[in-house]
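Following: one structure in structure tokens, then a few remarks.
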């Protein structure tokens, strides 16, 4: 029976082979956080040395005096003063401006797909194969590795030949199938070669749901931990600390066409919540934080100039975040250019100088010691760019 048939039955990828065992304590952990909706990088990693930034954003710019100082050219959104700034000061956070894909469609869906696939821009797209699944395949032979998507469905980035589990964090304790339905479906495959796979998959799903639902109930006593991503981040950390080595989670709501705000407002509030969640994740990882890398990406950036609604529209270049106990942080990494009108892409957006496949490939080479052939499997046709992030 093919995997898509299991999906049609509502089993999801979590019903595929049950391999959730304890991960090796010193195994590298990777969590990719995808900000769906294209967050405004220029109001997060603020180009404080650019007079053009303040001319282009008369209503929504983050004032130089409000931005948290990073270096002579860049400051950080004040909304993350209690979360990401401490990581920066510890040397556990680096930022890569002018990052992204060369895709110029400015379509959320097209560009998200493009990044998650990780394939060459001029080649055919294979929607059955995401780059994190290919990475898991390269790493997984003979190792105790578990990949998991903390999402409602297995996202494109983790689809592929290797079965990957997923867990919808917002619906813990509410499985898509009741116990009787699961038992009936398992009975359909009794005596077949899939019997162990199907029943084992249900056991894995039920175990994780019970485990994480109990944690959610306990955490509900704490008002801070009960809010959005912060709550999810602690639960994700507990799983990644013990059993998951490759994780993916997405966070939506970053499409700020209207009323974006500057140092305070709509975007700042979201950045503050996300930052606190990431700080809680780091704290919950405990000693494993030293083996963990978190990469925060988005499909593209926003227009550099504010629009008539005091917001920003679909852009091009973005800024990536790289966090972790072993990250060589406290610096702005990658190729940079002076922020001024003449350096904008198509006279409207940040350019992409640090292409995402090259950045990830360079990171994977350092994290996992992958050779050229292995990197070519993960990112066909890409050239790794070593930014010395770990």
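In summary, region 345-390 shows an alpha-carbon radius of gyration equal to 1.32 times the 2.2 N^0.38 Å reference for compact globular proteins.
Hull volume per residue, based on the alpha-carbon atoms of region 313-357 and their convex hull, is 106 Å³. All Cα-Cα distances of region 53-157, cut into 5 Å bins from zero to the largest, leave 2, 9, 13, 13, 12, 16, 16, 12, 6, 2, 1, 0 percent in each bin in turn. Using all pairs of distinct alpha-carbon atoms, the Kirkwood hydrodynamic radius of region 235-390 works out to 17.6 angstrom. In region 20-86, Cα pairs under 8 Å separated by at least six residues give a relative contact order of 28 percent. Using C-alpha pairs under 8 Å with a sequence gap of at least 6, the mean separation divided by the residue count of region 257-350 gives a relative contact order of 30 percent.
No lab work stands behind these numbers, since they all come straight from the coordinates. All figures in this text were calculated on a predicted structure; none of them were measured in a lab.
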